[in-house]
Each structure stands twice: as C-alpha cells, then as structure tokens.
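The values are calculated or read from the model by the stated rules, or taken from the named source; none is laboratory data. What you see is a predicted model, and the numbers here were worked out from it, not measured in a lab. Positions of Cβ are generated from backbone atoms using ideal geometry, with glycine treated the same way; all protein chains shown enter the neighbour counts.
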Amino acid sequence: MGSSIFGIGLSALAAAQQGLLVAGHNVANASTPGYTRQTIVQSTNPAQATGTGFYGQGVKVDTVSRAYNQFLSNQLTQAKTESSQLDTYYAQMQQINNLLADPNGNLGLSPAFQNLFNGAQDVATNPSDLSSRQSMLSSGEVLVRRFQSLDGRLDEIQDGVNTQIKNSVSLINTYAAQIGKLNETIAKSENAARGQPANDLRDQRDELVNQLNQEIRANVVVQNDGSYNIFIGDGQSLVVGTQVFQLAAVASPDDANRLEVAHVSGGNAAVIKESSLDGGKLGGILQFRSESLDAARNGLGRLAIGLAGTFNEQHQLGQDMHGNLGGDFFTVPSPTVTPSIKNTGNAAIAADITGFSSLTASDYSLRYDGANYTLTRLDDGATQTFTTFPQTMDGVSLTLASGTMAAGDQFLVQPTRNGAGQIKVAIQDPSLIAAAAPIRTGAPLANTGTGLISAGTVNLPAPPDPNMRQPVTLIFTGTNTFDVSGTGTGNPTGISFTPGASISYNGWTVQITGQPKPGDTFTIGPNTNGVGDNRNALLLGALQGQNTLAGGTASYQSAYGQIISQIGSKTRELEVTSEAQTNLVSQTQAYQQSESGVNLDEEAANLLRYQQAYQAASKVIQTANLMFDTLLSLGR
Amino acid sequence: MRVSSNTSYELSLAALNRQQAAQVKNLEQISSGKRILTPAENPSSYVQALKVSQADAANTQYAANRQSAASSLSALEGTLGDVTQVIQNAQELAVYAGNGTLTDSGRAAIATQLRGNLDELMSLANRTDANGQYLFSGFQGSTKPFVDTGSGVQYFGDDGQRLVQASDSRQLAVNESGREVFERIPAAAGGYQSLFKTFSDMIGVLEAPVSTPADKTALADGLSSAQANLSNSLDSVLRVRSGVGTRMNEVDTLNDTGDDLGLQYKQQLSSLQDVDYAKAISDLTQQQTYLQATQQAFLKVQGLSLFDFMK
C-alpha cells in the first residue's frame, strides 16, 4: 500500500515535471516562427482491482500534442501566398508609378512634349532665325532623351525582375530540398519514438511550406505515412516523399533577355506556362512583368514611334532653308522580330510599320503550321490567318525576308518594344528643319478680276507628289472655266470654277475666291528662297492637338495620359487589394494563432498549475514517507 | 477567444506602423505643397492635371507668339506710317507743282525733292526686321524685294503672308507682301501701277521743260494723273495699315483672354494638385493624437503580464 502511494506520488511528480517542461518549452518558443503550442495529454494509470474496489495507480503522460489545425493553417498559407503576390506586384508597380510621377511638372515626358511643340511654334514665329531652329532641335533631343531614360529605367526594372526570378527559384529549390529532407527525418524520428509525433520537426516542415508559399503557391498533399507531397503550377511535382525536383530560371526561347521558370526532371528543363505560376513573390513578379511592365514599355514605345512617324510625315511635306524637301526629323525605331530558338526552318521575317496611327501596344506571335500562317495579337488573342506574305496587321507589315519556313516555326513580333529606347533626332543642322511649304502661289498685276488665290497647302500623306514643285498656271478662259497647264497636271481644259472650291493638282490644294475675269492667270510654283515661310512649322506645331494615334482617337499627350492613367489606376488597385489581403492575413493569422499560438499568461498559469501539482505530488510522497516512518517507529 | 501573445504584439505593431505611414504621407504633402505626388494617388486627377498644365503651357506659348506678332505688327505699322507720310508729302508737292508761276528750275527743285522721297520710299520698302529679314518680300525673307533694274523698280518677292499662332484657334498675319502694299494700286489709266512708277513718272513730268502750250497740257495732265495715282496709293496703304491696326487690336484682346485663361488654368491646377494646408495640418494633429494613444495603449497592454506577479 505504502509503495503504491509512493508510486502514485512519483507518477504525479513526473507528470507535473513534464507539464512544466512543455510549458517552459512554450514560453521559450513563444516567438518562434511557425511554432505550435504544445500540451501534455495525461491520463490515469490502469487502476488496481481489489475486493474493495478499483484503486487508481496515479497518472501517466500519453503524449505531447501540438495545437495544430490543418484547416486554419491551410487558410493562412493561402492567404499569405496571395498577399505575398499582391505585395510584390504592388512594390514593382510603385517603381513605375514613381518613375512616371512628376509632381512639379518639369521633368516628365509631358513638359518635354510641350517644349518640342513650343519650339515648333517659335520656329513658326521666326522661321529664318537659326537660334529658334536650334532650340526646337534641342527640345527634340530632350524629348528623345526622356524617352530613352524612361526606357533605361524600365530596362533596370526588367533586370530586377530577372534577379528576383532567380532568387525565388533558388529559394524554392532550397525549401523543397529541406522539406524533402524533413519528410525523411520526421518518418525516422517518429518510427524510433514508436509513433509519437515529432512536433517541433512537423512545425519546421509546416513553416517551410509556409515560406515556400511566400515564393509560389504550392499545393500540399498529405500522404498516409504523414509525409508531404508538394506540387506547383500545372501540377509539376516539387517534392514527392523524399524525392526532390528542381526548378530552373532559363532564358525564354523567344527572348533571350527574359527569364522563365522551368521544371527540371530527368535532366530536361521544361518551361512552365507563366500563367499557371501564381501566388507568392514569383507569381507577383511574373504577373507584374506580363501585365504591366511589358504594357508600360510598349505603351511608351508606341508613343515614341507614333510621334516620330507622324511628325516625320508632316516634316517631309515641308521645305528646309536650302530649298530642299524636308527629310526625317526623328529616326523611327523599328519593330523587332525574334525567331523561336526551336525553329527548324531558316526563314527570316521582316516587319515594317506602315500605319503609325493603327499601331497597338501589343506584341504579336506568328506561327506556321505547314500550310497557313497565324498571326495572333497577344493582348486580346485576335488572330489573322493567311497563306502568303506580305501581311499587314495593326499598321505593321510582315514580309518573308529570306529563307523558308518549316511547320511549327514561330516568331515573336514586337512592333513597339524598342520604340522608347531607340527614338532619335535625325537631323543636327537647324537649317534642315522644314519650316516652309515647298510651293507658293501668285497672281500677276495684269489680272483684272477680283480673284484671290490662297497660299496653298500640301496634301497629306507623305511622301509628297514628285511633281509638287512644277510650275503650274491656271488660266481663266471664261468667268466660270479655266485651263490648267504644267507638268504633272495632264493640262486639262475647261475646268468649271466655283469660288472658294478646292483646286488640287500635283499634291497641292489651292482655293481661288472672288471673281476672276477671262484672261486672268494664277500661278503655283516652287517656293524658291522661301526662308521666311512658316506654313509647315505651323502645321508641325498644330500636330500637338491632333488625334494622330490609336486610330485617330488620341493625341500624343492623351496617349501619354492613358499610359499614366493605366499605371496609376493599376498601382492604386494593387495598393487597395494588397492592403485588403494584408488585413485578411492578419485576421486569419489571429484565428490560427488563437488556436495554435502561445499565450504567455496562459503559460504562466500553466507553470503555476504544474508547480502546484509538483508541490502537491511532493506532499503525497512526504505523506507516504511519514506513514513509513510511523511504521518504523512502532518497533522502538 | 484565446489571443496569442504574438498576435497582440503584432496587431499593436501593425497599428503603429499604419499610423506612422499615414503621418509620413501627411508630412510629405505638407512639405511639397502637393496633394497628389504620384499618379496612383488619384489617377484621374493626375491625368487631368497633366492636361491642364499642357493647356497652360500652350497658352503661355501663344502669349509669346503674340508678343512676337505684336512687335512685327508694330514695325510694320511704323513703316506703313512712314510710307503714308512720304505719299502725303508727294501729294503736297504735286499740288504745289501745279502752281502756274513756277519756272522750269522751280519744278526741277521739286523733282529733286521728289527723288529724295523716292529714295526714302525704296529704303522703306526694303526695310528689314531685327533678324535682318525684309518686311515686304513675302516668303522670301532674305531676298531684297524692290530693286531698280534700270527699267524701273521691280518686285522680287512673292505674295506670301506669314501667319502666327496667336491663340488655340486664331492665326494672325504678321507681314504684308510688297506687291500688295506698293504695286497692286489701281492706276488712273486703268490696271495697276506701282507707287515707284507713280513717283518716277511724276519726276519725269516735273523735269520736262515747259515752253509750248502742248508742254503745259502735258504737265497739267501728268500732274493730275500723278495726284490721282498718289491718292489711290494713299488709299491702298491706309487700307493695309488699318488691317494691321485691326490685328494689333486683336492681339491686345487675345492677350486679355489669354491672361484670363492662364489664371483659370492655374486655379484649376491648384484645386487639382495643391494641398489644403488647413486640412493637412488638422489631419496631422489628429494623427498625432491617434499615434500617441496607440503607443500608450501598447505600453499598457504589453506591460500586463502574469509573470510580473510570480514571485
């Protein structure tokens, strides 16, 4: 009997001690990431059956269990992977947003545009003044440099994206390796402990899964033996039991400057479809690149190409100070066409921009199936199918430059990708600015009627008519008819005359108002020595307000405004959604922690409880001892 | 609900962070004077502000254009005024030359005076602006418009008129072609006759000796057609001059409109971008109160621990 009191006391002492150990462990790990509160699970020892009843044999600790809730933990991991994706996307977007921000209005693209057109107007006001012309050229240079520096910053951001992809991939590989290792360690340890759960190791593994999800959304499938299988993307396996697969960051087959994520299996790296990789930092960075970075770069590129192209077209219709027709004011950046490295044919495709106002900010993919070519606009998936070149889509004309195409060959066409980086001012000599119009009109003093001829305009589009500057005479043969003579006009006779109506030959248009008399003549001819003429400079200046882009719906500035507004709105949207997601994470975490987290007050109470239990158990032993002493003293 | 110690710590920290972020944002606004610092803060206002500042900059450019137009027009106006005087002077001489008491030598003296006037007229017609560009040569700014070729003064310019963008929708002509001012003048004998020819004809008439009755008739006819032509010239120059004056007035009107518009743009920009200091500072004070309260609550909550009572 006495020994069993000792036994009970000892069992209680041991249980209290274990309780203290676990409470102490909880206190110690209160702030360890991923730690789950542990408790001892105690039960009574089997009672001893006697004739007078069942006598309890004290207490035993069955196991140390962790307050782990799979459902809440999963929810938290999902919320966090989402949040990490949004945070990463938002952080990247902020870079572009800040890049385009120009609160004082003097460093952005917008004032540079304004200065170019102000320069054109200054030239219009003083067409013969070289310093005005020089200042217009300098404004052009400044604008071009703004474009280039924006493009340069976008390049840096793209490099940053590549670095982050590499980092994420390497972290994912590390986590996968550690999880695989832990799968093994946990199984071994738990076997050795006869099935007792290895709580701390399991916490570590769950925490690794959590961290893995900070990089990429990973699906965990718990196996019957308790090990974790982990899948990402479209179901690519990352960890299967103790077997671990690797991811790799590889150059895109379409674009060597772009890293993509590949799954390595049996020595083969297969690129994982970008759209299937979501969640986590990697998901965020990939989404940023495909949704916003490319769009920003193409948007700026379209603006640069649109400006260069339309400005050039007007400039070519003018005449410079030397009396020559205007050349290019800007160098128009050319589209890029990249054959896939998997192509088996040797075809080379050339792309040319033929319609500046029809350009879109999208990239295109060209595919050949052996019989038909399919050209796909990548942002909305619109396609064109055709069998022969040349083919034009959205102002870009594609031709087969050389070689032959094999079935399955693919090309990436990026009309606007290099626009912002490659726009240049094509002329350095200010006298080459085509401020004048190439023609002028006149009426001799011998005319007797009241007819007045307008100064004349040059018809769009460039290039100008080759006979533009041929001298042409309009001779009135009656009050309502006239003859035309001059190279290129076909010398028509008896043309009927309406005052104020447009008369157009050789690429120019004039109007005659008033009432000419028979025998009156009007001349249209080259604008020789016309250095004081500013008609083309006025038209160049007026381009600013015209809707020259996006199919005639947007001016330069409004196209820029659209880019700003898209980026601003996206950043704003991400700010709001990432904040909402952060709140969701914090709520979910509060729930998860309310179940699994350590509360120090609670542990203090537990410490007191087990301390008291320990003291009480000591008292039981003391009592047994006293009883024993009483027995021993009987013999004295 | 159980609350884990971590949670209460993290939530308090998050609240502190949030409030500090709001405070920094507020400070940025106050120090920059701008409510919107990046497009994301209010995309539509930001783009609107871009549009307004573009319109404002264009308006400023039009003002510069108008200033240049005003100076070109006043140079033109001044020159036309001088031309008017020369013509009026010649008209007086023509009347005076009709006085029957004048001798050949008296008329010759008038002719000499007229030659001086003709030279002055030539120099006015070939006047250049500050950039060395001829006022009356049309588009051919560096071509001397009027040259005496031996067979009379000829025009080498053209009919071109330079326009200046004086406002969003208005272009103003800032020069006149020499042909319009000096050549397209209705002649007494029909057709057009240049002012220079009128002068040289008159000089010829005055220099011709008068002895026979036929000479007298020729003198009288010559002087009367000179007077008619001079009067037509004056009408023509005054017509051009009044056109120039009208345009100068229009520049003034456009300047007023432009100033008003500039003021409007600045106000719009200010309401789109600028920080409302009263509001920003009251927000800042409010945030400070919140932050202090959060800090004190944090200390109180974190200061409570059962461990403190375990002795």
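Listed values, structure above:
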read-out: Failed item, numbered, when A:Tyr55 is tested on (1) surrounded by 15 or more Cβ atoms within 10 Å (Cβ to Cβ); (2) away from chain B (no Cβ under 14 Å); value: (1)
read-out: Within segment A:174-265, strands (runs of 3 or more DSSP E) holding 1 or more residues that are touching a Lys or Arg at 6+ places or on another chain (Cβ under 8 Å) and closer than 28 Å to A:Lys342 by Cβ; value: A:228-232, A:246-251, A:259-265
read-out: Residue check for B:Arg247: surrounded by 15 or more Cβ atoms within 10 Å (Cβ to Cβ) and of a type in the set (Lys, Arg); value: yes
read-out: Cβ-Cβ under 6 Å pairs, at least 6 apart or on other chains, segment A:203-227 side closer than 14 Å to A:Thr185 by Cβ, far side modelled with pLDDT of 95 or more and surrounded by fewer than 20 Cβ atoms within 10 Å (Cβ to Cβ); value: A:Leu208/A:Gln178
read-out: Residues being more than 8 Å from chain B (Cβ to nearest Cβ), assigned to a helix (DSSP H, G or I) and among the aliphatic types (A, V, I, L, M) - total across segment A:94-114; value: 4
read-out: Residue count for segment A:115-128, restricted to those that are touching a strand residue (DSSP E or B) at 6+ places or on another chain (Cβ under 8 Å) and either assigned to a helix (DSSP H, G or I) or polar (S, T, N, Q) (or both); value: 3
read-out: Test: B:Lys311 is in a loop (DSSP other than H, G, I, E, B) and either under 37 Å from the mean Cα position of the chain (by Cα) or free of Cβ contacts under 8 Å to residues at least 40 places away in the same chain (or both); value: yes
read-out: Residues within segment B:25-48 that are within 8 Å of chain A (Cβ to nearest Cβ), surrounded by 18 or more Cβ atoms within 10 Å (Cβ to Cβ) and in a helix (DSSP H, G or I), tallied; value: 6
read-out: One residue from A:Thr630, A:Thr623 being surrounded by fewer than 17 Cβ atoms within 10 Å (Cβ to Cβ), in a helix (DSSP H, G or I) and touching a residue at least 12 places away in the same chain (Cβ under 8 Å); value: A:Thr623
read-out: Candidate set from segment B:4-15 (those that are aliphatic (A, V, I, L, M) and surrounded by 16 or more Cβ atoms within 10 Å (Cβ to Cβ)); member that is nearest to the other protein chains (Cβ to nearest Cβ); value: B:Leu11
read-out: Test: A:Thr477 is on the phi < 0 side of the Ramachandran plot and either charged (D, E, K, R) or away from chain B (no Cβ under 14 Å) (or both); value: yes
read-out: Hits in segment B:129-153 (condition: within 11 Å of chain A (Cβ to nearest Cβ) and either acidic (Asp, Glu) or farther than 24 Å from A:Gly456 by Cα (or both)); value: B:Asp129, B:Ala130, B:Asn131, B:Gly132
read-out: Which listed residue, of B:Val164, B:Val147, is among the hydrophobic types (A, V, I, L, M, F, W, C) and in contact (Cβ under 8 Å) with a residue 60 or more places away in the chain; value: B:Val164
read-out: Condition broken by A:Val620, with the remaining ones in (1) within 14 Å of chain B (Cβ to nearest Cβ); (2) in contact with a helix residue (DSSP H, G or I) (Cβ under 7 Å, 6 or more places away or on another chain); (3) of a type in the set (Val, Ile, Thr) satisfied; value: (1)
read-out: Residue count for segment A:445-460, restricted to those that are at pLDDT 90 or above and among the aliphatic types (A, V, I, L, M); value: 4
read-out: For A:Val598: the one exception among (1) facing chain B (nearest Cβ under 8 Å); (2) hydrophobic (A, V, I, L, M, F, W, C); (3) under 18 Å from the mean Cα position of the chain (by Cα); value: (3)
read-out: Qualifying residue in segment A:515-524 (condition: facing another protein chain (nearest Cβ under 10 Å), buried (at least 23 other Cβ atoms within 10 Å of the Cβ) and part of a loop (DSSP other than H, G, I, E, B)); value: no
read-out: Hits in segment A:531-565 - residues which are within 16 Å of B:Ala173 (Cα to Cα) and either in a loop (DSSP other than H, G, I, E, B) or more than 10 Å from chain B (Cβ to nearest Cβ) (or both); value: A:Gly532, A:Asp533, A:Asn534, A:Asn536, A:Leu539
read-out: Candidate set from segment B:161-188 (those that are within 8 Å of chain A (Cβ to nearest Cβ) and farther than 27 Å from A:Leu539 by Cα); member that is surrounded by the most Cβ atoms within 10 Å (Cβ to Cβ); value: B:Glu183
read-out: Filtered residue count, segment A:524-576, keeping only those that are free of Cβ contacts under 8 Å to residues at least 24 places away in the same chain and hydrophobic (A, V, I, L, M, F, W, C); value: 3
read-out: From the options B:Leu230, B:Leu234, B:Leu306, residue that is at pLDDT below 90 and of a type outside the set (Asp, Glu); value: B:Leu306
read-out: Filtered residues of segment A:116-130 (kept if touching a Leu at 6+ places or on another chain (Cβ under 9 Å) and facing chain B (nearest Cβ under 8 Å)); value: A:Phe117, A:Gln121, A:Ala124
read-out: Tally of residues being part of a helix (DSSP H, G or I) and touching a residue at least 60 places away in the same chain (Cβ under 8 Å) across segment A:577-603; value: 14
read-out: Strands (runs of 3 or more DSSP E) wholly inside segment A:294-413 containing at least 2 residues that are touching a residue at least 40 places away in the same chain (Cβ under 8 Å); value: A:336-339, A:348-353, A:364-368, A:396-402
read-out: Yes/no for A:Arg469 being among the charged types (D, E, K, R) and within 12 Å of another protein chain (Cβ to nearest Cβ); value: no
read-out: Lone qualifier among B:Gln287, B:Gln264 - being surrounded by 14 or more Cβ atoms within 10 Å (Cβ to Cβ) and free of Cβ contacts under 8 Å to residues at least 12 places away in the same chain; value: B:Gln264
read-out: Pairs with Cβ under 9 Å, 6+ apart, first in segment A:68-88 and on the phi > 0 side of the Ramachandran plot, second surrounded by fewer than 23 Cβ atoms within 10 Å (Cβ to Cβ); value: none
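Yes or no, residue by residue, for (1) within 14 Å of chain B (Cβ to nearest Cβ); (2) touching a Gly at 6+ places or on another chain (Cβ under 6 Å); (3) surrounded by 20 or more Cβ atoms within 10 Å (Cβ to Cβ); (4) under 30 Å from A:Ala193 (Cβ atoms):
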position: A:Pro46; (1), (2), (3), (4): no, no, no, yes
position: A:Gly51; (1), (2), (3), (4): no, no, no, no
position: A:Val61; (1), (2), (3), (4): no, no, no, yes
position: A:Asn74; (1), (2), (3), (4): no, no, no, yes
position: A:Ala91; (1), (2), (3), (4): yes, no, no, no
